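These notes concern the structure reproduced below.
The values are calculated or read from the model by the stated rules, or taken from the named source; none is laboratory data. Just so you know, these numbers come straight off a predicted model, no measurement behind them. We place every Cβ from the backbone using ideal geometry, glycine too, and count neighbours over all the protein chains shown. In case anyone asks, the SASA skips ligands and DNA or RNA and just uses the protein heavy atoms, side chains included. Shrake-Rupley method; radii C 1.70, N 1.55, O 1.52, S 1.80 Å.
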Amino acid sequence: MGEKHRLLIIDDEAEIGNMLKEVGEASGYKTKALTSGQKFFEVYTKFDPTFIILDLAIPDHDGIELLRYLAQRNCIAPIVLESGQDEKVLSVSTTLGKDMGLHMERYFQKPLKLKEIAELLNKAKMASSNFSVDFLKSAIESKNVILHYQPKVCFKTNQVCGLEALARLKSDGGLIQPAAFIPLAEETNLIRPLSHLIVSMAFKEFNKFLELLPTLVLAVNMSPKTFNDLLLPDEFAKMAKEENIDTKQICIEITETAFLEERSTLADIIARFRIKGFILSIDDFGTGFASLSELHRLPFNELKIDQSFVSGFESSPDAQKIIKSIISLGHMLGLTVTAEGIDSKLAWAFLNNEGCDLAQGFYISRPLEKEVLKEWLLHHKEGFHHP
Ligand code: C2E
Ligand code: MG
Ligand code: MG
């Protein structure tokens, strides 16, 4: 990804795109200008823009469709809408974007005021560097972290079997999503104190959920960057003991990209986690680089199929084939297979039919704040009931 500030422009008029591109580059952004919605879908994930300028009226996919796409991917980049259409369309679309949870900046009617656009770009650059290290550091120090929990359900029995703790930062403007601060924490050395805080909070809160459902397993996410600390398993075991939690009820999720990091310590840490009784899961499976021999060699318990395959499965025969082969690969290796991103009855039915073990996704429940989760658990004590 290289450059820190990345601007993506979509405008079907190439001339305008190029003009904006110049503005972006002059403001210190790595910039890409595209002329169609189709190209946008192809480029978005890889380019991972930190700022987006979107023409509402592009021929193949309209701007609202693109906003919806961005919202589904939890995009946090500021978005500027521009169009030759009348102001009402722009303003209602901006409101719509806000309702979807997107970070909508002001909109522009053509002809564009390039100077004002440059100002917005600079402001966003400043904001992202202000948010940086200092904000994160003080958020950790003052424990301004809150955990949401997303339930996991067993396909066969419909029983609620687990919870995944997902971190958010508290700020004046509301909650900040992990996509905005985990990468920053990873770039600096703040990921360690942050993970420590999150895990100790999660262990503490977990006891309250166990009172409602004693068999629950708590999953926490660990950054691959922390998997070079040989003392990590000891630290976890100590924290679990302090809260009287059985390590067999703690699952550690680590993304598949961990396999790119230092390998000897990874195996050491994973083995010691297992010896101490923890459950180990490979998160976002299918996007990274785990080789078959590594999968076989490292003592994992669970595979989580990446949600990008699950969320688009209906319209993608390839995604369906990938899902099927991940499930059979996982089962051949004796692993539990979890699907995340299940957001419809159709997705549930497909994965259930393919023999997937555990389900997680908006169809079952969104990640919930702890008091809301308690209510949810009470309601689903006897098992998850389909809406
Ligand atoms: P993840 O571990 O793969 O977590 C699943 C993400 O998918 C969560 O986003 C969850 O809200 C979202 N999700 C779940 N079901 C659905 C669905 O049906 N549809 C859609 N569109 N999304 C769904 P969230 O909470 O924003 O977390 C994003 C990522 O940030 C996590 O991905 C994880 O890698 C990382 N993360 C979150 N909390 C922590 C943490 O405490 N420590 C570390 N190191 N990473 C964390
Ligand atoms: Mg996870
Ligand atoms: Mg995942």
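Take region 213-237 and flag every residue that is more than 16 Å from residue 192 (Cα to Cα) and surrounded by fewer than 17 Cβ atoms within 10 Å (Cβ to Cβ).
Across region 213-237, the qualifying residues are 214, 215.
If you go through region 106-146, how many residues are closer than 16 Å to residue 79 by Cβ and either modelled with pLDDT under 85 or within 24 Å of the chain's Cα centre (by Cα) (or both)?
Number satisfying all stated conditions: 5.
This table checks each residue for (1) within 16 Å of ligand 3 (Cβ to nearest atom); (2) open to solvent by less than 40 Å² (accessible area, probe 1.4 Å); (3) not polar (S, T, N, Q); (4) not assigned by TED's automatic domain parsing to the domain that holds residue 224.
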{"site": "293", "(1), (2), (3), (4)": "no, no, no, no"}
{"site": "305", "(1), (2), (3), (4)": "yes, yes, yes, no"}
{"site": "309", "(1), (2), (3), (4)": "yes, yes, yes, no"}
{"site": "326", "(1), (2), (3), (4)": "yes, yes, yes, no"}
{"site": "333", "(1), (2), (3), (4)": "no, no, yes, no"}
{"site": "338", "(1), (2), (3), (4)": "yes, yes, no, no"}
{"site": "360", "(1), (2), (3), (4)": "yes, yes, no, no"}
{"site": "363", "(1), (2), (3), (4)": "yes, yes, yes, no"}
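So which residues in region 244-260 are closer than 12 Å to residue 218 by Cβ, surrounded by 15 or more Cβ atoms within 10 Å (Cβ to Cβ) and not hydroxyl-bearing (Ser, Thr, Tyr)? Before you say what the answer is, go through the steps one by one.
Here is the first cut: in region 244-260, the ones closer than 12 Å to residue 218 by Cβ are 245-253.
Retained after the next criterion (residues that are surrounded by 15 or more Cβ atoms within 10 Å (Cβ to Cβ)): 245, 247, 249-253.
Answer for region 244-260, where residues must be closer than 12 Å to residue 218 by Cβ, surrounded by 15 or more Cβ atoms within 10 Å (Cβ to Cβ) and not hydroxyl-bearing (Ser, Thr, Tyr): 245, 249, 250, 251, 252, 253.
Taking the stated definitions as given, is residue 346 under 21 Å from the mean Cα position of the chain (by Cα) and open to solvent by 10 Å² or more (accessible area, probe 1.4 Å)?
Numbers: under 21 Å from the mean Cα position of the chain (by Cα): no; open to solvent by 10 Å² or more (accessible area, probe 1.4 Å): yes.
Here the answer is no, as residue 346 does not meet what is asked.
Which numbered condition in (1) modelled with pLDDT under 95; (2) buried (at least 16 other Cβ atoms within 10 Å of the Cβ) is the only one that residue 173 fails?
The number of the failed condition is (2).
Name every residue in region 121-158 that is within 25 Å of residue 199 (Cβ to Cβ) and either of a type in the set (Phe, Trp, Tyr) or in contact (Cβ under 8 Å) with a residue 60 or more places away in the chain (or both), in order of residue number. Before you say what the answer is, go through the steps one by one.
Start the filter on region 121-158 by keeping residues that are within 25 Å of residue 199 (Cβ to Cβ), which leaves 131-154.
Of everything in region 121-158, those that are within 25 Å of residue 199 (Cβ to Cβ) and either of a type in the set (Phe, Trp, Tyr) or in contact (Cβ under 8 Å) with a residue 60 or more places away in the chain (or both) turn out to be 131, 135, 146, 147, 148, 149, 150, 151, 152, 153, 154.
Output the residue which, of all residues in region 156-170 that are near ligand 1 (Cβ under 9 Å from one of its atoms) and surrounded by fewer than 21 Cβ atoms within 10 Å (Cβ to Cβ), is modelled with the highest pLDDT.
Here is the first cut: in region 156-170, the residues near ligand 1 (Cβ under 9 Å from one of its atoms) are 164-168.
Cutting the leftovers down to surrounded by fewer than 21 Cβ atoms within 10 Å (Cβ to Cβ) gives us 166, 168.
Values: 166: 98, 168: 94.
Filtering first and then ranking leaves 166.
One line per residue, one yes/no per condition, for (1) under 24 Å from the mean Cα position of the chain (by Cα); (2) without any contact (Cβ under 8 Å) to a residue 12 or more places away in the chain; (3) more than 26 Å from residue 306 (Cα to Cα):
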| site | (1), (2), (3) |
| --- | --- |
| 33 | no, no, yes |
| 40 | yes, no, no |
| 53 | yes, no, yes |
| 77 | yes, no, no |
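Can you name the residue in region 281-323 that is within 16 Å of ligand 2 (Cβ to nearest atom) and more than 19 Å from the chain's Cα centre (by Cα) and, of all such residues, is modelled with the lowest pLDDT?
Selected residue: 290.
Conditions (1) assigned to a helix (DSSP H, G or I); (2) more than 30 Å from residue 346 (Cα to Cα), marked per residue:
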| site | (1), (2) |
| --- | --- |
| 157 | no, no |
| 161 | no, no |
| 166 | no, no |
| 185 | yes, yes |
| 189 | no, yes |
| 194 | yes, yes |
| 202 | yes, yes |
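Do any strands (runs of 3 or more DSSP E) entirely within region 41-155 hold 3 or more residues that are surrounded by fewer than 20 Cβ atoms within 10 Å (Cβ to Cβ), and if so, which? Before the answer, list the steps.
Details: elements: 51-55, 79-83, 145-154.
In region 41-155, the matching strands (runs of 3 or more DSSP E) lie at 145-154.
Given the criteria closer than 30 Å to residue 231 by Cβ, among the basic types (Lys, Arg), modelled with pLDDT of 95 or more and within 12 Å of ligand 1 (Cβ to nearest atom), does residue 276 qualify?
no
Hand me the list of helices (runs of 4 or more DSSP H) wholly inside region 289-387 holding 2 or more residues that are more than 24 Å from residue 73 (Cβ to Cβ) and in contact (Cβ under 8 Å) with a residue 40 or more places away in the chain. Talk me through it step by step, then tell me what you get.
On the way: elements: 292-297, 307-311, 317-332, 345-353, 370-379.
The qualifying helices (runs of 4 or more DSSP H) are 370-379.
Assess whether residue 16 counts as being assigned by TED's automatic domain parsing to the domain that holds residue 105 and part of a strand (DSSP E or B).
On the way: assigned by TED's automatic domain parsing to the domain that holds residue 105: yes; part of a strand (DSSP E or B): no.
Criteria not met by residue 16.
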